1. Identify the trypsin sites (Lys or Arg not before Pro) of region 25-77 meeting these criteria: DSSP loop state and at most 15 other C-beta atoms within 10 Å of the C-beta.
2. So what J values fall out for region 62-76 if you push phi through Karplus, 6.51 cos²θ - 1.76 cosθ + 1.60 with θ = phi - 60°, rounded to Hz, Gly and Pro as x?
3. Of 34, 143, 121, which has the most accessible area with a 1.4 Å probe, and how do the rest follow in descending order?
4. Using 24 Å as the Cα-Cα cut-off, could you pick out the over-long pairs in 79/151; 46/79; 129/163; 118/163?
5. Per residue Cα convex hull volume for region 1-140, in cubic angstrom?
6. Normalise the Cα radius of gyration of region 102-152 by 2.2 N^0.38 Å (N = residues in it) and let me know the number.
7. Before anything else, pin down the relative contact order of region 28-133: Cα pairs under 8 Å, at least 6 apart, normalised by residue count, whole percent.
8. Using a 1.4 Å probe, how large is the accessible area of residue 102, given in Å² and rounded to the nearest 10?
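The values are calculated or read from the model by the stated rules, or taken from the named source; none is laboratory data. Just so we're clear, the structure is a prediction, and the values are computed from it rather than from any experiment. All Cβ positions, glycine included, derive from the backbone under ideal geometry; neighbour counts span all protein chains shown. Ligands, DNA and RNA are excluded from the accessible area calculation, which covers all protein heavy atoms including side chains. Shrake-Rupley method; radii C 1.70, N 1.55, O 1.52, S 1.80 Å.
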Amino acid sequence: MDFPKLKSIIEGMLFLAGEEGLTVKQLCEVLEQRPDMIKEVLAELKMDMSREGRGLQLLEIAGHFQMATLKEHAPYFEKLAYSPSRSSLSQAALETLSIIAYRQPITRIEIEEIRGVKAERAIHTLVNKDLIEEVGRAEAIGRPILYGTTKAFLDYFGLASLKDLPDPEQFADVDSLEDETHDLFDRIRNEQLTIDDMNQS
């Protein structure tokens with residue numbers, strides 16, 4: 001595999017890995033390349049991003065390489081996150097939030113296995129709105145991030161504590177996440193409609 005193609009593939013892999021990042025070992029295993037080659041590609045990719053003034057940078061945190069935005073752009077990201085046009089939660093975000101509320105602490109991979117689709121964008125939205133947060137790292141390969149709800153989540157939906165979530169045992173099929181989260185999903189959606197009505201009045 002030629003160097004430019006290898007660099008392109010690694011960039012794509014890091015994008016997909018999100019904030020969990022990837023280690024040199026993981027990249028070596030998938031790409032079947034030597035560690036020194038992977039490190040060389042990562043070093044050049046990092047230099048490319050810096051030299052070209054791109055909106056992303058390559059960081060190494062605790063042995064994991066990950067894409068990240070630039071600190072100096074943070075005010076614009078915050079403005080985007082809290083803009084009126086983005087005040088409502090999408091259905092994907094609501095479903096992801098319901099899963100996290102019931103199954104926390106939970107990793108992104110576990111959420112995606114339950115939903116059957118990618119959840120990175122929904123998780124990013126929920127983190128930006130301070131509805132979920134990192135609560136630890138799972139004891140698994142790569143030490144993936146564990147997510148849980150925040151105090152802001154309780155305040156947002158008028159819950160005194162997580163004990164106020166609908167009891168899963170009240171559903172006919174307690175093993176079905178769809179049934180388990182249905183009541184909470186409706187509650188969140190109704191609360192969202194109320195908030196939207198208040199914002200428009």
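1. Listed in order of number, the matching sites are 54.
2. Once θ is set to phi - 60°, the couplings for region 62-76 become 6, x, 10, 8, 8, 7, 8, 7, 8, 4, 5, 8, 3, x, 6 Hz.
3. Details: 34 135, 143 100, 121 200 Å².
Putting 34, 143, 121 in descending order of accessible area: 121, 34, 143.
4. Working: 79/151 22 Å; 46/79 27 Å; 129/163 22 Å; 118/163 28 Å.
In this structure, 46/79; 118/163 lie more than 24 Å apart at Cα.
5. Per residue, the Cα convex hull of region 1-140 comes to 135 Å³.
6. Details: Rg = 10.5 Å, N = 51, 2.2 N^0.38 = 9.8 Å.
Scaled against compact globular proteins, the figure is 1.08.
7. That works out to 16 percent.
8. 40 Å²
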